[in-house]
Amino acid sequence: MKSLLTFTFCCIIITISAQAQIVRIDTLKRTYVYKQNKNNDNSSRSEFLYTIGIKALGFEQFPKILNQTNSEEYLTTPLNGLVFKFNDNQLSYRFDANLYTKDISFTNECEDCERLNGKLNDLSIKMGFEKNIIYTVIQPYFGADLGFRRNNFNGESTNINTVNYTPYGVKAEKNGAVFGPFVGIKLNIINRFTIAAESGIDLMYSYERQEKMYHDANKTKTFKKYTKYEFLTRPLTSLSLQYNFGFSN
């Protein structure tokens, strides 16, 4: 009898021990939650969906006006443009608009022939893409834009030597397509703000109209039109401050 009781007691202990090892899976709760590290350098690739920026400074060539003698010179363009970007993983698709207005003066035909004084208006609208090479605090990138450019000059001529040139008023206008590859570098100073410097070239194919009205007794008018290619260098396409917004999940 004592042996039977001992055997029964051992069986009960073994059964209880075995049941203690059984855990209902449907009662388990996950205790680990993944949290994205916003400070991770790679997160800047897709952390923000959108970017908007203002162009603080530029230094570039502009389309040639008439027979301008100093067309190779560069103009400084402060606060003349805006850029908007849609950031899609490794690529950013961008929309770029620039407007430059200034009173200018230049010699025409030759250095000792005549001087033109007037107002220059230059508008360009482009769409394109840019791609980062690396994703760190300092980010070099490259890309290209394609768009439209309109360059307009209204002015008056004056003689600058003893040669008898008849003064005239002039309207010169160019409308053309522009293709512009570029390279740049971005500095992500804080989470939402970026400073970017960019350099590139513009290949422009334009249709040009030149209309002159001479200040003679007959008020003579002349009209000419041309189509031409121009290669414009842009050592500093833009120095811009950009704001990033719209978190990407």
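The values are calculated or read from the model by the stated rules, or taken from the named source; none is laboratory data. Because the structure is a prediction, the values reported are computed rather than measured. Reconstructed Cβ throughout: ideal geometry from the backbone, glycine too, with neighbour counts over all protein chains shown. We work out accessible area using only protein heavy atoms, side chains counted, and drop any ligands, DNA or RNA first. Shrake-Rupley method; radii C 1.70, N 1.55, O 1.52, S 1.80 Å.
Per-structure values
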item: Ranked packing of 123-134, 229-240, most packed first, by mean Cβ within 10 Å; result: 229-240, 123-134
item: Long-range lysine pairs (8 or more apart or interchain), segment 68-200, Cα under 21 Å; result: 11
item: Over segment 170-249, relative contact order from alpha-carbon pairs under 8 Å, at least 6 apart, %; result: 34
item: Segment 200-238: trypsin sites (Lys or Arg not before Pro) in DSSP loop, at most 15 other beta carbons within 10 Å; result: LYS219
item: Antiparallel bridges, percent of DSSP beta bridges restricted to segment 63-129 (to nearest 5); result: 100
item: Residue-count net charge about VAL83 - beta-carbon cut-off 13 Å; Lys, Arg +1, Asp, Glu -1; result: +1
item: Heavy atoms of ILE185: accessible area, 1.4 Å probe, square angstrom to 10; result: 80
item: Scaled radius of gyration (Cα, divided by 2.2 N^0.38 Å) that segment 75-212 gives; result: 1.39
item: Under Karplus coefficients 6.51, -1.76 and 1.60, residue-wise ³J(HN,Hα) of segment 54-70 in Hz, glycine/proline x; result: 10, 8, 7, 7, x, 8, 7, 7, 10, x, 5, 9, 6, 10, 3, 7, 10
item: Which of ASP145, ASP88, ASP216 is most accessible, then next, and so on - probe 1.4 Å; result: ASP88, ASP216, ASP145
